[in-house]
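Below is one structure, written out as structure tokens; the observations come after it.
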């Protein structure tokens, strides 16, 4: 693993994460235990995404991302003109 990118040339990348090399949790990992009961509201997807679904997206991701970005920008223009 250490001889393949990105870990071969970026040694600092080896130390990111929530667990130590021996599998024990780093200090930051304990914070996630405190967050497990946190209630997060999800307002849902923005309306400009109504005509998109993930299965269609993955059939041609590059092209679909362009279409989605254009739709997003058009939506912003519409909101600014209100």
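The values are calculated or read from the model by the stated rules, or taken from the named source; none is laboratory data. As the structure is a prediction and not an experimental result, all values here were calculated from the model. Glycine gets a Cβ as well: all are built from the backbone with ideal geometry, and neighbour counts include every protein chain shown.
Before moving on, here are some points about what is shown:
- The sole residue among 27, 7, 35 that is within 19 Å of the chain's Cα centre (by Cα) and either more than 30 Å from residue 79 (Cα to Cα) or without any contact (Cβ under 8 Å) to a residue 60 or more places away in the chain (or both) is 35.
- If you filter the range 12-27 down to residues that are assigned to a helix (DSSP H, G or I) and surrounded by 10 or more Cβ atoms within 10 Å (Cβ to Cβ), you find that the one that is modelled with the lowest pLDDT is 14.
- Exactly one residue out of 70, 62, 66 is part of a helix (DSSP H, G or I), modelled with pLDDT of 90 or more and surrounded by fewer than 10 Cβ atoms within 10 Å (Cβ to Cβ), and it is 62.
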